[in-house]
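Scroll down for the structure; my scribbles are underneath it.
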Amino acid sequence: MGEPLLNVSFYGTRGSTPCPCEMNRRYGGNTSCVALESPGHDPIILDLGTGLRFFGETQARDGTFRGSALVTHLHWDHVQGLPFFTPILAPGARLDIYGPPQGGSTLSEAFHKFISPPFFPVTVEELYGQMSFTDVARDDIELDGAKVRVRDVPHVGTNNGYRVEMGGGSVAYLADHQMPHDGSHTVADDVLELCDGVDVLIHDAQYTRAEFAMKSHWGHCTVDYALFVAREAGAKRLVMFHHDPARDDDQLDALLAQVRDQAAGTSVSEVVAAYEGLTISLHS
């Protein structure tokens, strides 16, 4: 194989809250952040959780950074890394942020509200680099040659899912996905459209069945449902994501083994549990 056409790198894989500790050192404790990088394209960042700080350490900090971010929604675990993204602290750098408007506020209004006193000591304008905020919902857009499909994904409140076609590869990102409250396995048409035949499906896998029974309205799904979505959509590879903050490394190993057994003999050729430092390289 030659050079990869698309690298999918994981810098934060947890849901709900950062939780780094000795018990989860292998999988990591930072919240949602994935980077898509392909030759000839500016990087695309999927969510701005606390993992964003570590992606920033791999990028130029001299004001030359250019990139885009696709934000699923504005819960803390998906946005709180932005002020710690060091490339945007340099004058001349640029980050274009896309996401859904929430609660009657535009994306820009929401970010300017929570990155400001008394919630944070500095404002968006004091981050030096240039940032733009664009509301996007149920649309098809292009970012520096990459094709991006935006569709609604069930959650608590407005929530985008994304499909990115870039460098000859395709990635679907559904970090938070509310499965039917009654535990049944049906999938919304918008979800299937995002995931149809995708090379890599990054999907919410926060709960076991027992946990979902207690938290069925909290906006997430079981590991079994994540595999069901992948099978229904014909996804080639499933990446279990948005791990519960209480899940330690050994428990994640066990869940991964369970889902791999369930996937055996299906159209899903590989199942991976996302961990910090993982890069999936797609070749032609």
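Residue by residue through the stretch 4-32, note down the ones that are of a type in the set (A, V, I, L, M, F, W, C), open to solvent by less than 60 Å² (accessible area, probe 1.4 Å) and not in a loop (DSSP other than H, G, I, E, B).
Leu6, Val8, Phe10
Within the stretch 137-174, can you find the residues that are in a loop (DSSP other than H, G, I, E, B), within 19 Å of Ala230 (Cβ to Cβ) and in contact with a Leu (Cβ under 8 Å, 6 or more places away or on another chain)?
Scanning the stretch 137-174 gives a single hit, Val153.
State which residue is surrounded by the most Cβ atoms within 10 Å (Cβ to Cβ) when the search covers only the stretch 46-78 and only residues that are within 11 Å of the chain's Cα centre (by Cα) and free of Cβ contacts under 8 Å to residues at least 40 places away in the same chain.
Among those that are within 11 Å of the chain's Cα centre (by Cα) and free of Cβ contacts under 8 Å to residues at least 40 places away in the same chain, it is Gly49.
What tally of residues in the stretch 245-279 results from selecting those that are in a strand (DSSP E or B) and farther than 19 Å from Ser32 by Cα?
Matching residues across the stretch 245-279 total 1.
When you scan the stretch 267-283, do you find a residue that is of a type in the set (Val, Ile, Thr) and open to solvent by 50 Å² or more (accessible area, probe 1.4 Å), even just one?
Yes, some residue in the stretch 267-283 is of a type in the set (Val, Ile, Thr) and open to solvent by 50 Å² or more (accessible area, probe 1.4 Å).
Determine whether Asp176 is in contact with a strand residue (DSSP E or B) (Cβ under 6 Å, 6 or more places away or on another chain), surrounded by 20 or more Cβ atoms within 10 Å (Cβ to Cβ), at negative phi and of a type in the set (Asp, Glu).
Criteria met by Asp176.
Within the stretch 52-75, can one find any residue that is in a loop (DSSP other than H, G, I, E, B), among the aliphatic types (A, V, I, L, M) and closer than 22 Å to Val150 by Cα?
Within the stretch 52-75 (the criterion being in a loop (DSSP other than H, G, I, E, B), among the aliphatic types (A, V, I, L, M) and closer than 22 Å to Val150 by Cα), the answer is yes, since at least one residue qualifies.
Kindly indicate whether Asp182 is out of contact with any strand residue (DSSP E or B) (no Cβ under 8 Å at 6 or more places or on another chain) and not in a strand (DSSP E or B).
So Asp182 passes the test.
Inside the stretch 231-244, can you point out the residues that are outside any helix (DSSP H, G or I) and not aromatic (Phe, Trp, Tyr)?
Listed by number, the residues that qualify are Gly234, Ala235, Lys236, Arg237, Leu238, Val239, Met240, His242, His243, Asp244.
The values are calculated or read from the model by the stated rules, or taken from the named source; none is laboratory data. Small disclaimer: the values here were computed from a predicted structure and weren't measured. We place every Cβ from the backbone using ideal geometry, glycine too, and count neighbours over all the protein chains shown. Just so you know, the surface numbers come from the protein's heavy atoms only, side chains and all, with ligands and any DNA or RNA stripped out. Shrake-Rupley method; radii C 1.70, N 1.55, O 1.52, S 1.80 Å.
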